[in-house]
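Encoded as structure tokens, the structure appears first; notes follow it.
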Amino acid sequence: MCFGPSEAEKKAAKKSQKEQAEASAEARAAAEAAAREEIDRRAAAKAEDISEAISATDVRRGMQGGSGRRSLFSASGGGFLGRF
């Protein structure tokens, strides 16, 4: 007792630490794989949403009349620069 832990206790502690480290490494790898799958799933959903939005914009643009966005600087008549 006065001389510290015995060799058997040291080996048991070292073995326990090694097992804990391996278990935590496996858990970390599983968590990273799950996170990667979630990221991939979100990316696929986002890409699908973007493509749907682009195709919906193209359809709407075909039905609208006019020239689209107007600039306040180059608009004839009542634009921003025409006021001064």
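At-a-glance table
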item: Linear extension gain, residue 42 paired with residue 20, 0.36 nm per residue minus alpha-carbon span; result: 4.6 nm
item: Stretch gain in nm, segment residue 11-residue 32, where the contour uses 0.36 nm per residue and the Cα spacing is subtracted; result: 4.4 nm
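None of the figures in this text is laboratory data; all of them are computed from the coordinates on show. Computed from a predicted structure; not experimentally measured.
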